[in-house]
Amino acid sequence: MRVNCSSSSACTANSSEGELPVGLEVHGNLELVFTVVSAVMMGLLMFSLGCSVEFRKLWAHIRRPWGIAVGLLCQFGLMPLTAYLLAISFSLKPAQAIAVLVMGCCPGGTISNIFTFWVEGDMDLSITMTTCSTVAALGMMPLCLYLYTLSWNLEQNLTIPYQNIGITLVCLTIPVAFGIYVNYRWPKQSKIILQIGAIVGGVLLLVVAVAGVVLAKGSWNSDITLLTISFIFPLIGHVTGFLLALLTHQSWQRCRTISLETGAQNIQMCVTMLQLSFTAKQLVQMLSFPLAYGLFQLLDGFLIVAAYKMYKRRLKNEHRKKDTGCAEGCHKKKSTSLKETGAFLEALTLSPCQSYFLPGMWI
């Protein structure tokens with residue numbers, strides 16, 4: 001299998017790392033506006049998330065990259081293998097099988113950073129993993145695709161979007177670097193920026209999801225098999241990522257982070273690669289899968305966040321009940337102690353009179 005990078009406009013047209021594909025059968029002006037707006041909003045979002053990163057902790061992850069290593073193993077070990085097994089198990093058509101495999105070989109997307117923040121995960125590890133997986137994709141994507149397609153006898157050469165990967169790295173690292181600097185110089189202001197960024201992130205996800213579906217409505221088809229795979233694939237990524245992190249004795253905070261990083265793929269990169277490698281006729285059978293995957297990974301992320309918030313609220317209520325019970329118990333003990341002390345003092349006060357009193361006479 002030959003891999004190369006084309007100078008096609010498809011690379012430059014997908015310069016942002018939005019989580020849903022754009023530019024599918026839409027007018028050029030609308031596509032350009034959506035791409036530019038998505039790029040600007042994504043840059044601002046990554047800047048705000050960078051305000052939660054401490055350079056000391058970031059450097060600690062780089063010096064001792066155990067969490068990063070587990071994340072990369074999930075990203076380029078578990079996900080491509082899962083994609084291959086799903087394609088074989090569901091007996092997909094060649095074009096559909098390639099779309100599923102390409103998705104599994106893509107690096108993590110920035111959507112995982114947003115969800116990691118909402119579940120109070122390790123933001124330093126999350127951003128480091130996203131960056132490292134994007135860098136590793138330069139070599140791991142062609143390697144994984146070559147290994148898993150050896151037995152498929154592909155008629156079409158796959159084109160790795162190296163230019164898109166490079167642009168993604170720039171759009172990711174520069175805003176985050178500015179955010180880390182702001183957090184170092186002005187920690188109080190960075191907390192405010194972070195809270196605003198969390199709200200902007202939620203709005204961005206909804207806007208990109210709705211706009212991506214509307215702009216790419218011509219690429220949808222009603223293949224139930226692909227929809228089923230797009231639903232279970234991110235779930236498998238989340239579960240297996242969490243279990244592998246748990247087996248390698250990572251902290252609960254890191255387990256949540258690695259789980260979200262594993263199931264959230266870079267949808268934009270997958271679409272770009274398919275556009276560069278296949279004809280318009282072949283794309284009709286392929287593009288519905290990354291569209292559906294992007295929507296389902298958004299849905300899964302929101303469900304995970306909701307479950308975590310409910311879990312935290314339940315723990316908070318339990319702690320509140322325990323504290324209330326402890327306070328009532330301490331109050332009862334204090335009241336009992338005061339009564340006993342009063343009775344003891346009363347006994348001491350009466351004892352002198354009683355000691356000189358005998359029945360029927362005074363001494």
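The values are calculated or read from the model by the stated rules, or taken from the named source; none is laboratory data. Since the model is a prediction, treat every value here as computed from it, not as a measurement. With ideal geometry, Cβ positions are generated from the backbone for all residues, glycine too; neighbour counts draw on all protein chains shown. Protein only, heavy atoms only, side chains kept; ligands, DNA and RNA dropped before computing areas. Shrake-Rupley method; radii C 1.70, N 1.55, O 1.52, S 1.80 Å.
What the table shows:
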quantity: Pairs, first more than 18 Å from residue 129 (Cβ to Cβ) in the range 161-188, second surrounded by fewer than 19 Cβ atoms within 10 Å (Cβ to Cβ) and of a type in the set (Lys, Arg), C-beta under 9 Å, six or more apart; calculated: 183/191
quantity: All positions within the range 249-293 that are under 23 Å from residue 166 (Cα atoms), outside any loop (DSSP other than H, G, I, E, B) and open to solvent by 10 Å² or more (accessible area, probe 1.4 Å); calculated: 275, 276
quantity: So residue 58, is it at pLDDT below 85, within 19 Å of the chain's Cα centre (by Cα) and not aromatic (Phe, Trp, Tyr); calculated: yes
quantity: Selected residue (only one of 74, 11 is in a helix (DSSP H, G or I), modelled with pLDDT under 85 and buried (at least 21 other Cβ atoms within 10 Å of the Cβ)); calculated: 11
quantity: Candidate set: the range 77-94, residues that are in a helix (DSSP H, G or I) and polar (S, T, N, Q); chosen: the one least open to solvent (accessible area, probe 1.4 Å); calculated: 82
